[in-house]
Amino acid sequence: MALISVAEALGHVLANAAALPADEVPIEEAGGRVLAYGLKARRTQPPADVSAMDGYAVRASDVANVPARLIVVGEVAAGRPFNASIGAGEAARIFTGGFVPTGADTVVIQEHTKRDGAVVEVQKATAKGRNVRPQGLDFRAGDALLAKGHRLTARDLALAAGMNHPLIPVHRQPKVALFATGDELVPPGTEPGPGQIVYSNGFALSALIRAEGAAVADLGVVPDKLDDTIDAVRRAVDLEADILVTTGGASVGEHDLVQKAFAAEGMTLSFWKIAMRPGRPLMHGRIGAMQVLGLPGNPVSSYVCAVLFLVPLIRKLSGREDLVAPTATATLGSDLPENDERADYLRAILIDSPNGPIATAFPTQDSSMMAPLAKSGCLVIRAPFAPPAKAGEPCTIVRLDP
């Protein structure tokens with residue numbers, strides 16, 4: 001199968017993906033999720049005219065000429081309305097959040113009054129409607145305030161709660177099953193034996209997946225045996241995973257068994273191998289309704305491919321529209337050589353200077369090197385056959401952890 005471009009590969013990954021069905025969740029679990037349906041207000045806010053200050057609810061006509069002495073006939077606090085009407089020459093003590101009584105049409109702040117027993121002297125005229133939040137100032141019942149497809153922020157949750165929605169209809173959270181292959185892999189905290197390395201890919205991928213709002217089922221490290229690899233694929237199917245992600249074993253060596261296991265379970269292959277660096281041996285297909293991404297085993301290749309392909313897939317299943325991380329323009333901080341036939345995604349230090357971002361690629365870009373990846377603020381994108389570039393020239397970047 002011929003190498004395909006990054007754009008073609010992403011097109012294949014997203015082609016048959018659609019937002020997952022709606023799932024009503026408690027409002028406290030809805031942050032970061034995407035609305036499957038629009039939400040309308042179930043109530044009016046505020047539900048009545050409400051005082052915005054501590055003071056006295058009065059008729060504006062009674063305080064047009066000051067000083068004015070009024071009889072205090074009641075008290076209003078938030079949650080404790082005054083059920084009588086304010087007549088001529090009368091006032092009600094009122095606190096912030098209290099419903100303005102019938103008959104009153106303004107609130108005189110307490111700093112402009114002087115109280116003497118049952119009488120309050122208003123010392124400054126206050127116009128009609130001052131210090132009053134009118135009924136429906138924020139929204140009214142039936143107002144469409146949160147649209148389908150909107151990703152909910154913390155501010156949106158406050159609004160949804162105020163609209164009186166305890167349950168929120170969001171797209172179902174994608175389920176991602178994950179396993180690695182390799183007899184050489186041992187867990188962190190283990191002293192590696194001859195030929196062994198400490199497993200790291202799964203921890204980065206799990207964190208990335210969760211950060212995108214998906215659930216992870218980590219199936220661990222699978223030995224380089226075909227039966228064990230097939231069993232891991234079947235466990236992902238049994239879990240009803242929407243996406244299966246594997247790392248390692250996607251090449252064609254005698255010990256690279258992932259593609260064979262996928263084929264044994266009936267995977268429809270859409271592509272294998274793309275014209276990019278790092279990440280050439282990326283594989284994508286479907287087993288039934290489950291999307292399959294076979295990522296390379298090298299840590300940098302695995303992570304970069306996840307950023308470019310797995311993240312957009314999770315976002316599309318989640319109902320989001322911002323699928324791909326936006327590119328930006330930066331200034332090169334170092335010279336770069338000409339490129340070959342593969343698109344390059346160079347790990348780079350990113351500095352935000354007064355004249356714009358400066359991206360300095362690490363001099364060594366080996367796909368096994370985790371320390372430069374951890375220090376990187378962006379990936380510098382180099383098109384296939386790009387000519388040499390000098391420090392100070394513009395370049396295209398994708399920010400990591402924007």
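The listed residues are R280, R315, R286, and the only one of them that is at pLDDT below 95 and basic (K, R) turns out to be R280. H165 satisfies every condition listed in (1) in contact with a helix residue (DSSP H, G or I) (Cβ under 9 Å, 6 or more places away or on another chain); (2) buried (at least 18 other Cβ atoms within 10 Å of the Cβ); (3) modelled with pLDDT of 95 or more; (4) closer than 21 Å to R286 by Cβ except (4).
Residue pairs whose Cβ atoms lie under 7 Å apart, sitting 6 or more positions apart in sequence or on different chains, and linking a residue in the stretch 153-169 that is closer than 15 Å to Q45 by Cβ to a partner that is polar (S, T, N, Q), are G162/Q45.
Residue count for the stretch 187-213 under the criterion of being surrounded by 15 or more Cβ atoms within 10 Å (Cβ to Cβ) and in contact with an Asp or Glu (Cβ under 8 Å, 6 or more places away or on another chain): the result is 2. Of all residues in the stretch 172-186, those satisfying the criterion of being more than 16 Å from A217 (Cβ to Cβ) and either touching a Lys or Arg at 6+ places or on another chain (Cβ under 7 Å) or buried (at least 24 other Cβ atoms within 10 Å of the Cβ) (or both) are T181, L185. For the residues A158, A125, the requirement of being within 18 Å of G32 (Cβ to Cβ), surrounded by fewer than 19 Cβ atoms within 10 Å (Cβ to Cβ) and out of contact with any Lys or Arg (no Cβ under 7 Å at 6 or more places or on another chain) singles out A158. One residue stands out among those in the stretch 311-341 that are over 21 Å from L35 (Cα atoms) and crowded, with 19+ Cβ neighbours inside 10 Å: the one that is farthest from the chain's Cα centre (by Cα), which is L336.
Take S302 and tell me if it is among the hydroxyl-bearing types (S, T, Y) and surrounded by fewer than 24 Cβ atoms within 10 Å (Cβ to Cβ). No.
The residue of the stretch 172-187 that is nearest to T247 (Cα to Cα), among those that are at pLDDT 95 or above and outside any strand (DSSP E or B), is P174.
Looking only at the stretch 78-115, filter to residues that are modelled with pLDDT under 95 and of a type outside the set (S, T, N, Q); which one of those is surrounded by the fewest Cβ atoms within 10 Å (Cβ to Cβ)? Across the stretch 78-115, the extreme among qualifying residues is G79. Annotation: A236 fulfils all but one of (1) surrounded by 15 or more Cβ atoms within 10 Å (Cβ to Cβ); (2) in contact with a Lys or Arg (Cβ under 8 Å, 6 or more places away or on another chain); (3) farther than 26 Å from L400 by Cβ; the unmet one is (2).
When you look at G142, is it in a loop (DSSP other than H, G, I, E, B), more than 30 Å from G55 (Cα to Cα) and not assigned by TED's automatic domain parsing to the domain that holds E212, yes or no? Taking the combined requirement at face value, the residue satisfies it.
Counting only helices (runs of 4 or more DSSP H) that fall entirely inside the stretch 221-310 and contain at least 2 residues that are touching a Pro at 6+ places or on another chain (Cβ under 7 Å) and touching a residue at least 12 places away in the same chain (Cβ under 8 Å), the qualifying elements are 299-305. Of all residues in the stretch 347-372, those satisfying the criterion of being touching a helix residue (DSSP H, G or I) at 6+ places or on another chain (Cβ under 8 Å) and hydroxyl-bearing (S, T, Y) are T364, S367, S368.
The values are calculated or read from the model by the stated rules, or taken from the named source; none is laboratory data. Given the structure is predicted, the values throughout are model-derived calculations rather than measurements. Because the Cβ atoms are built from the backbone with ideal geometry, glycine has one as well, and the counts that use them run over all protein chains shown.
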